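Only one structure is covered here, and it is reproduced in the block below.
What follows draws every value from the coordinates through simple rules; no lab data is involved. Everything numeric here is computed off the predicted structure, so don't read it as measured data. Cβ coordinates were reconstructed from backbone atoms using ideal geometry, including for glycine residues, and neighbour counts include every protein chain displayed.
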Amino acid sequence: MDYVIPVVSHTPIWVWAVLALVVILGLAGTRDRSTGLTRLLLLPGVMALLALSGLVSAGLAAVPAIVVGLVIGGSAGWLLEREGATRRLADGRVWLRGEWLSLLLVLVVFVWRYAINVIAAVNPTLAATGTWHLLTAFVSALLAALFLARTAARLRAYYNSPPLAA
């Protein structure tokens, strides 16, 4: 508990701005909405890039952990996307049913990224171990695959559903 106040007080202000943006975007996803295909792909793309940055630093020894994370995260992400939650509108936009899972997932990613950076700063010895690299690679791959698989399921529903009136 003695670490909490120094860690929080030394966190750059831009991190709190990112958290606010994550919460705002996550809360927007709790309501039914329509969006363009590009916007639908934006968040999963950002998550994939974040994961890639962590995976590159993990090295070749982490490939098995990455593959397991991708398989588990991809399977879970595909199964978590609800039937009827995505539809194609007549104007080509995507209709999405409001849900809380996306907010939860982006908060988990934020907390995960925040925690691994804090741990690396507070305990660089731990952050340099092979076990740490395997764990971070596994979790990063799992989270990225969750987002990507949910998006793939949404795209499948979009392209397989008849257009609805806008």
Residue pairs within 8 Å by beta carbon, gap of at least six or interchain, first lying in the range 117-133 and among the small types (Gly, Ala, Ser), second in a helix (DSSP H, G or I) and loosely packed, with under 13 Cβ neighbours inside 10 Å, listed first then second, are GLY130/ALA61
Condition check for VAL8: in a helix (DSSP H, G or I), more than 14 Å from LEU107 (Cα to Cα) and not acidic (Asp, Glu): yes
Which pairs have Cβ atoms under 9 Å, sit 6 or more apart or on different chains, and link a residue in the range 71-94 that is under 21 Å from ARG39 (Cα atoms) to one that is of a type in the set (Asp, Glu)? ARG82/GLU99; ALA85/GLU99
Long-range neighbours under 9 Å by Cβ, at least six apart or interchain, first residue in contact (Cβ under 8 Å) with a residue 60 or more places away in the chain within the range 13-35, second outside any loop (DSSP other than H, G, I, E, B) and small (Gly, Ala, Ser): LEU25/SER102; GLY26/SER102; GLY29/SER102; THR30/SER102
Just the residues that are surrounded by 20 or more Cβ atoms within 10 Å (Cβ to Cβ), of a type in the set (S, T, N, Q) and closer than 15 Å to SER57 by Cβ, please, taken from the range 126-166. THR136, SER140
